């Protein structure tokens, strides 16, 4: 029922390396606590090894799913519908001054 | 009074044998008495609830007979509520107060339902045990050393213990049906797009379904009629008329064809659980149904497919939490904005959420996208085809909701994959977007177990009718946990 896929680089069990975890943390803007990196690496590896069984599925004749009910995205007229409510929205902002969000310096 | 169904409470309110304020006070007192044990609520909105109840009583006095009017319910803390904090079970949103109501919240409020508070849940709905919440684990009223299921575990525990008449939930991989099964309730996940996602905090947008946790199918129909239907603010909302589920409940039984997938009765299924499910299917057969075995050969792909698609969508949806416009902000000194983002997100997100963001980032990254994400979306199509093929032959698919009854708190927290496998029977319906529900069908070791019914797209009203007819013949759904009487 299944045929093997032509994805050689994934044919074996996935083993993440330390630099992979660092790279993922960078991409996801997520600081990884140095003391937790090995436990995290083990858990992520076990999850990836588990999902790796997908590689055995024969999907050569299948189009990827775009919508569960096979429908197209509904469109709406290109008109402004939202009023400016920045004061209301900024009530949830941790640091605001004179209507501006405060962040560390971004330019030297 | 507290174990009345939502329909019974509505009838009592209509007959003026109790007022909404009286009913609301009964539930608030029960929450005060029992919730320190269960931890099912994150926020209790006592004053707002009493004010809503007083307004409902005025409407009742004027002769308004909206079916949900004055009935106390709770919302999963994933639904945005204007003026009341919405945390999604996360430190990231600990102080977040939404500027607007979710469509579900708005519609139930318009129907006159009283909101007792916001229920606890796995952080960002990522979990099957309600243990990953920043606000601590929820306990199962049937055995407080066990989990209530998740991620809608607070809603499940609150309804099961009689702390509210019904509650909203969300189901991305089983998060309504699995806790319903583990807590002895009726849990409905309608067709994808039937319930608006507007104001429902996004986890995996192509899989997120709003729904209900109630004692009975009749109660689920009442809530669904009030909250479902087209919403132009949700781009994937189904723009079609929504037939009344309540109206269909009492209509005459028509013979149905039930398919029982052999793949649902695998080695992982508890034998006692299997016996309960077979007995329940036999009971429905007696109502007038033919039962035949079917095969869903791709169903085994559903959990691995889900754990690619859902984290991928989550990593994208959760990118918005930067701790600058809203959300948790670190107190640590940060030299630049990038470090601030990284600190805010590290401190704001719990371990399971972080793992899913990282897995999602991995499967979407250059070089891996085709092998993981694209392959998973193809596998998802294979699973959807299995359902379509089955529904060409049968009207309903029946099987267990979960492999086992409730497991112990802490039992699976260190093994993500073991936790994920708890949703092995529920995930398929989310991937295919078809409606499904879980109803109580027995007990194993004094813990409730669930029968799952799955139907073709848009058939939720029919599933509720079948469940309602089953519940007229059985009393599993009327059992209540002794410790909370």
message: When only alpha-carbon atoms are used, what values of Rg and Dmax, in angstrom, describe chain B?
response: 21.1, 70
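Hey, any idea what Rg/Rh is for the range B:369-485, computing Rh the Kirkwood way over Cα pairs? Each step should come with its number before you reach the end.
Details: Rg = 17.0 Å, Rh = 16.4 Å.
That ratio is 1.04, to two decimals.
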statement: Over its alpha-carbon atoms, the protein assembly as shown yields an Rg and a Dmax in Å of 23.3, 77
- prompt: Rg(Cα) of the range B:151-190 divided by 2.2 N^0.38 Å?
  reply: 0.98
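Compute and list, largest first, the equivalent-ellipsoid semi-axes of the range B:218-270 from the alpha carbon gyration tensor, each √(5λ) rounded to a whole angstrom. Please list the in-between numbers first.
Working: eigenvalues 181, 78, 29 Å².
Working from the Cα gyration tensor, I get semi-axes of 30, 20, 12 Å.
Please list the three semi-axes, largest first and in whole Å, of the ellipsoid equivalent to the range B:1-110, using sqrt of 5 times the eigenvalues of its alpha carbon gyration tensor. Walk me through the numbers before you get to the answer.
On the way: eigenvalues 133, 59, 23 Å².
Here the semi-axes work out to 26, 17, 11 Å.
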statement: Exposure proxy check on B:25, A:105: fewest-to-most Cβ neighbours within 10 Å is A:105, B:25
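After finding the eigenvalues of the alpha carbon gyration tensor for the range B:76-218, what semi-axes result from the square roots of 5 times each, listed largest first in whole Å?
Values: eigenvalues 81, 57, 43 Å².
Equivalent-ellipsoid dimensions as semi-axes: 20, 17, 15 Å.
Ignore the peptide's own chain and count Cβ atoms of other chains within 10 Å of each Cβ in B:372-381; give me the average, rounded. Don't skip to the end; give the middle numbers.
On the way: counts 7, 1, 2, 10, 6, 6, 10, 9, 5, 7.
Rounded to a whole number, the mean comes out at 6.
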query: How long, wide and thick is the range A:31-84, going by the Cα atoms along their three principal axes, in whole angstroms, largest first?
result: 51, 44, 13
statement: chain A, Gaussian network, Cα under 10 Å: of A:37, A:80, A:62, the residue fluctuating most is A:80
query: Out of the DSSP beta bridges found with both residues in the protein assembly as shown, what percent are antiparallel (nearest 5)?
result: 70 percent
task: Would you tell me the mean number of C-beta atoms belonging to other protein chains that fall within 10 Å of each C-beta in B:325-336, as a whole number?
output: 3
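Determine by what factor the alpha-carbon radius of gyration of the range B:258-400 differs from 2.2 N^0.38 Å, reporting the quotient.
Working: Rg = 22.0 Å, N = 143, 2.2 N^0.38 = 14.5 Å.
Cα Rg divided by the expected 2.2 N^0.38 Å: 1.52.
Taking other Cβ within 10 Å of each residue's Cβ, how do B:76, B:286, B:146, A:23 sort, fewest first? Spell out each step's value before the answer.
Details: B:76 33, B:286 9, B:146 20, A:23 15.
The fewest-first ordering by Cβ neighbours comes to B:286, A:23, B:146, B:76.
Evaluate the relative contact order of the range B:248-324 (contact order divided by residue number), counting alpha-carbon pairs under 8 angstrom at least 6 apart; express in whole percent.
On the way: 41 pairs, mean separation 32.1, N = 77.
So the answer I get is 42 percent.
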- prompt: When the Debye formula is applied to the Cα atoms of the range B:224-338, each taken as the same point scatterer, what base-10 log of I(q)/I(0) results at q = 0.16, 0.19 Å⁻¹?
  reply: -1.11, -1.16
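Sort B:121, A:41 so that the residue with the fewest other Cβ atoms within 10 Å of its own Cβ comes first and the one with the most comes last.
On the way: B:121 34, A:41 17.
The order, fewest Cβ neighbours first, is A:41, B:121.
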message: Counting only helical runs of four or more DSSP H residues, what would the 222 nm mean residue ellipticity of the protein assembly as shown come to if each run contributes -39,500 (n - 2.57) and the total is spread over all its residues?
response: -11000 deg cm²/dmol
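Please report the orientation-averaged projected area of the range B:143-272, defined via the convex hull of its C-alpha atoms, in nm².
10.2 nm²
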message: Report the Cα-based extents of the range B:435-485 along its three principal axes, largest first, to the nearest Å.
response: 39, 19, 17
task: On a 0 to 90° scale, report how tilted helix A:18-27 is relative to the longest principal axis of chain A, with both axes built from alpha carbons and the result rounded to the nearest 10.
output: 40 degrees
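Values in this text are rule-based calculations from the coordinates and carry no lab data. None of these values were measured; they are calculated from a predicted model. Neighbour counts are summed over all protein chains in view; Cβ atoms, including those assigned to glycine, are modelled from backbone coordinates with ideal geometry.
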